Amino acid sequence: MSREHFLSSLGSIFSRDLRPDTVENFLNLDSLSSGVNQRQTNDAFTDKWTVYNKSSEKHKLYEMQRQWYLQLYGFDSECELAEFLRSKKIIFDAGCGLGYKAAWFAQLAPDSLVIGMDFSDAAKLAADTYKGLDNLFFIQGDISGTRFLDGSIDYVNCDQVIMHTQNPDKTFAELSRITRPEVGEFACYFYSKKALPRELLDEHFRSYCSVMTSEELWQMSEQLTELGKRLSELNVCIDAPDIPALGIKGGRCDLQRFIYWNFIKCFWNPELGKETSVVTNYDWYSPSNARRYSEEEVRALLKKNGMEAVCFHQENACHSGRFMKRDSA
Ligand SMILES: C[S@@+](CC[C@H](N)C(=O)[O-])C[C@H]1O[C@@H](n2cnc3c(N)ncnc32)[C@H](O)[C@@H]1O
């Protein structure tokens, strides 16, 4: 299918006041938020993605993320995902970062229109990287106010994003609004609530971090990475007791993972590399917006927005799933 075909599909999902017929593959709808925390969050991600875009390690992370994506959203294989995507005419990657998942979708479903949107400058970086794909467009804008028509999107993907928006419940309602009822699907990932010591430290520490300079944040992320590395190199497993009052689950666990899940994020993964580990720690403490959800809160949000789970997945880090809008729900 031609570029003109995809441009005209892009035009068809916007309300009448917006006709993006002249864009190449990038449209800037909005790069400024009125919310202080959202502005700080956008700056933190602009900083993170500008640095990481230059890293030679990023393709290893992309591959790990693609494999994880299949698990998070109930696909047995990339072939199954491709078949699913090909049945969706319009695909929206909400909070696309550097755009590698949007590009993956566009390659797996070459006859579908794929749109990636991000509030940070990553949207422009993504557009520059993926100019060659005729069915792929990037928009700099706010996913909590997309300006797409009701029910105009066949597959909405919001992977590792919603908790960074100013009001995640409002964003969820917006993404439900644009999902085509009965046939469309909305995939979403929510950070889960962790053990009490980690929650308390994270909450306190994140507000402290919001006044640190970017340089200080990168320095701290390096230090946390080094802590994770040293703990991990001890190669010690502990038999931890259950401490229900603190939300700590017992069992046999590597010491670094035990501290990571229950006390402080100190990510270290030698296979992904040092730069990726540092960026992962930076990603956790630098954005002011980072809401965590309990399973009950996620299920209540689905109910409130008339969504039913097609699949629901849980692991230490998150709750995730694919949801459908049923008229009767
Ligand atoms: C952890 S990254 C995930 C990026 C991508 N989905 C991925 O899986 O690699 C979160 C992204 O959400 C974006 N974001 C946060 N709030 C947003 C908003 N209100 N509208 C659009 N993007 C937003 C950030 O700029 C950032 O790129």
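The values are calculated or read from the model by the stated rules, or taken from the named source; none is laboratory data. Keep in mind it's a predicted model, so treat the numbers as computed, not measured. FYI the Cβ positions are ideal-geometry reconstructions off the backbone, even for glycines, and counts take in every protein chain you see.
Laid out as a table, the results:
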item	result
Members of segment 125-145 that are within 9 Å of the ligand (Cβ to nearest atom) and among the hydroxyl-bearing types (Ser, Thr, Tyr)	144
Candidate set from segment 40-71 (those that are within 13 Å of the ligand (Cβ to nearest atom) and of a type in the set (Asp, Glu)); member that is nearest to residue 164 (Cα to Cα)	43
Selection count where residues are surrounded by fewer than 21 Cβ atoms within 10 Å (Cβ to Cβ) and touching a Gly at 6+ places or on another chain (Cβ under 7 Å), scope segment 252-301	0
Out of 202, 169, sole residue that is assigned by TED's automatic domain parsing to the domain that holds residue 68 and under 25 Å from the mean Cα position of the chain (by Cα)	169
Given (1) part of a helix (DSSP H, G or I); (2) more than 23 Å from residue 42 (Cβ to Cβ), number of the condition residue 182 does not satisfy	(1)
Hits in segment 183-203 (condition: more than 19 Å from residue 294 (Cα to Cα) and surrounded by fewer than 15 Cβ atoms within 10 Å (Cβ to Cβ))	183
Within segment 82-124, considering residues that are of a type in the set (D, E, K, R) and within 15 Å of the ligand (Cβ to nearest atom), the one nearest to residue 9 (Cα to Cα)	93
Of all residues making up segment 1-53, the number that are modelled with pLDDT of 90 or more and of a type in the set (Val, Ile, Thr)	5
Flag if residue 148 is within 21 Å of residue 36 (Cα to Cα), more than 8 Å from the ligand (Cβ to nearest atom) and of a type outside the set (D, E, K, R)	no
Segment 72-96, residues that are of a type outside the set (Val, Ile, Thr) and under 16 Å from the mean Cα position of the chain (by Cα)	72, 73, 92, 93, 94, 95, 96
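To keep it simple, each residue is scored yes or no on (1) more than 19 Å from residue 58 (Cβ to Cβ); (2) among the aromatic types (Phe, Trp, Tyr).
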{"position": "214", "(1), (2)": "yes, no"}
{"position": "226", "(1), (2)": "yes, no"}
{"position": "234", "(1), (2)": "yes, no"}
{"position": "241", "(1), (2)": "yes, no"}
{"position": "258", "(1), (2)": "yes, yes"}
{"position": "282", "(1), (2)": "no, yes"}
{"position": "285", "(1), (2)": "yes, yes"}
